[in-house]
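Student: This structure is in structure tokens; I'll ask about it shortly.
The values are calculated or read from the model by the stated rules, or taken from the named source; none is laboratory data. Note that the coordinates shown come from a computational prediction; the quantities given were computed from them, not determined experimentally. Virtual Cβ from ideal backbone geometry, glycine too; neighbours counted across all protein chains shown. The area values use the complete protein model at the heavy-atom level, side chains included, leaving out ligands, DNA and RNA. Shrake-Rupley method; radii C 1.70, N 1.55, O 1.52, S 1.80 Å.
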Amino acid sequence: MELKMKGIIVKALSSFYYVETESGILECKARGNFRKSGFSPLVGDRVDIESLDGTHGVINCICERKNFLKRPNVANIDKLFIVSSYSTPAPNTLIIDKISAIARYNDIEPIIVFNKADMGDFSEFERIYTNAGFKTFVVSAQSGSGMENVIAELKDCISAFTGNSGVGKSSILNYLFGNKNIATGDVSEKLGRGRHTTRHIEAHKLPFGGYVVDTPGFSSIEHDVDDYDFKEHLAECFYDFGDNIYNCKFSSCTHTKEKGCKVIEAVNKGEIEPTRHNSYAQIFNELKDLKAWVAHKKQNR
């Protein structure tokens, strides 16, 4: 007997989707019409399914998405925790600012986390990002210091963590999940990056409510900046620039070096952090030659 149910996709593996429902997790296949339309289910999707035998089912409908990312392939992310530490490597404001801009472009709230609080003084970084309007936490996954703030933000949300290997993402996850071990990749001192230990995308249910998406793709989200529309809305993704971006002397102002630029004036007045504007200018220069037709061609490969 078929039973209609609602649920959330918590794991995608090959052509199988594992959907968490009120009755438990069902292994599901997607209807053929999804493949024909090119609109495939993703981890994080809220779906309508038909249960076939209590353990297997079929996905009939994907509910409207809040957002979705191509790299990694996930949907409906509410918050992205951007993790840095004083280990391998030290905090990099350009990377933090690039990832946070991409998050905001995708309607994801970026939250800044500095882990390994005992290894260095994060006060300057904390000041910069607090002044820029970010929720910013200095924590130690080892001792648990400050982790109550992270837990409060994770409740009843679909979240993910990003940051270079070695900053303690897996240590934070292991703290959050207690005895449920999340594999930690080894860090290569020569390369400054780890070996991915996760081979599929999975959303882990938190004991206090909410989900955390675990996938190595979030480690490289900072490279996904070849979207022409992202370039056109880059300044809007720097929320701390405020209405200054609309009040410049020239409507074509790029907010990088022009006379009469209200953003630059705000930087000079101390109203915008210089590191934030430096990051914006570097990202803009990376994207400035991207043309709409080139972006369209890339997206349709």
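Student: Could you do me a favour and compute the accessible area per residue for the stretch 15-153, 1.4 Å probe, result in Å²?
Tutor: Averaged over the residues of the stretch 15-153, the accessible area is 44 Å².
Student: Distance cut-off 29 Å, Cα to Cα: go down the list LYS135/LYS169; LYS66/LYS155; LYS66/LYS259; LYS29/LYS66; LYS79/LYS249 and report the pairs above it.
Tutor: LYS66/LYS259; LYS79/LYS249
Student: Same structure, new question: Summarise the accessible area of the stretch 73-160 (1.4 Å probe, protein heavy atoms) by the percent that is carbon and sulfur.
Tutor: The value for the stretch 73-160 is 45 percent carbon and sulfur by accessible area.
Student: Full-extension gain between ASP156 and ASN67, please, as 0.36 nm times their residue separation minus the C-alpha to C-alpha distance.
Tutor: Working: separation 89, 0.36 × 89 = 32.04 nm, distance 1.69 nm.
That pair, ASP156 and ASN67, stretches by 30.3 nm at full extension.
Student: Grab the Cα-Cα distance for GLU286 and SER143, subtract it from 0.36 nm times how many residues apart they are, and report the gain in nm with one decimal. Walk me through the intermediate numbers first.
Tutor: Numbers: separation 143, 0.36 × 143 = 51.48 nm, distance 3.96 nm.
Working it through step by step, the gained length comes to 47.5 nm.
Student: For ASN60 paired with ASP48, estimate the spin-label separation in nm (one decimal), with each label point 7 Å from Cα along the Cα-to-Cβ line.
Tutor: About 0.6 nm separates the two model spin labels.
Student: For the stretch 24-91, what log10 I(q)/I(0) values come out of the Debye formula at q = 0.11, 0.18, 0.26 1/Å, with one point per alpha carbon and no solvent?
Tutor: For the stretch 24-91 at q = 0.11, 0.18, 0.26 Å⁻¹, log10 I(q)/I(0) is -0.40, -0.76, -1.20.
Student: Using a Cα-Cα cut-off of under 13 Å, which aspartates and glutamates could be cross-linked to LYS231, ignoring same-chain neighbours fewer than 8 residues away?
Tutor: GLU286, ASP289
Student: A follow-up question, please. Just the accessible area for ARG46, please: 1.4 Å probe, Å², rounded to the nearest 10?
Tutor: That residue has around 110 Å² of solvent-accessible surface.
Student: Taking amide hydrogens as modeled 1.01 Å from N in the peptide plane, which residues meet the under 5 Å criterion relative to HIS204, leaving out close sequence neighbours?
Tutor: VAL212, VAL213, ASP214
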